[in-house]
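Rule-based calculations on the coordinates, nothing more; no lab input. As the structure is a prediction and not an experimental result, all values here were calculated from the model. Because the Cβ atoms are built from the backbone with ideal geometry, glycine has one as well, and the counts that use them run over all protein chains shown.
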């Protein structure tokens, strides 16, 4: 079945450092890919999305590119802030149009001043 | 503004008791989902519904049930709570007509089973 694999956390960075959180997936065809963010004590919010190969999703300085050849959707940000500290989830919806999200295990990011 | 709410936000119960977690959305979305969040597992799907009177089992449905009598609500029931069901529970909704199938999440319910 479809699955998502994320890098283990926590990831600890200093403010203004470059961020990469790796995400790879297993799915047939062309799933839709998402990054969700969960701030402490809150529910999940959609951060960005991409629905076809080579699409780049972007929001709040974060970017991720849908790479079909490597089945990856890595999250990047050029300069992180303390306010970016959160848990980040990579997820997909498969082509069977079931609307069901399949999540990775999440990566906690801690940004120090 | 449209929103999705969950209640209670925190619940402590005892093993064997029946517990119901409420989820209410005002988006008028057809699709509703229940997930549980556990460390190291991300979010796992418990049950989902594509409309009134429709319910389906997800990945970890044992010990849980749902019913959908209207568009706005999808209550989750733990028939006989077990310590393994201690978790944070999230409800979400989406619409088939919404671009990219984006799901909107509630704030979560932290359930502790003693």
Share of pairwise Cα separations in chain B, more than 18 Å, in percent: 45 percent
Across peptide A:40-47, what mean number of C-beta atoms from other chains lies inside 10 Å of a residue's C-beta? 5
Counting only other chains, and only Cβ atoms inside 10 Å, what mean value do you get across the residues of B:35-42? 4
Where the Cα pairs of region B:1-44 fall when distances are cut into 5 Å bins, in %: 5, 14, 20, 22, 22, 11, 5, 1
Take each of the peptides B:20-32, A:39-51, average the number of other beta-carbon atoms within 10 Å over its residues, and list them starting from the highest. B:20-32, A:39-51
Could you tell me the convex hull volume per residue, in Å³, taken over the Cα atoms of region A:21-113? 92 Å³
The protein assembly as shown: antiparallel DSSP beta bridges as a percent of all, rounded to 5: 90 percent
FRET E, pair residue B:28, residue A:59, Förster distance 30 Å, beta-carbon r, rounded to 0.05: 0.75
For region A:1-75, what is the largest minus smallest coordinate of the Cα atoms on each principal axis, given in angstrom and ordered from greatest to least? 37, 24, 21
Evaluate Rg over Rh across the protein assembly as shown, taking Cα atoms for both radii and Kirkwood's formula for Rh. 0.97
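Just counting partner chain Cβ atoms within 10 Å, what average do the residues of peptide A:99-108 show around their Cβ?
Values: counts 11, 10, 12, 5, 7, 3, 6, 6, 1, 1.
Taking all residues of A:99-108 together, the mean is 6.
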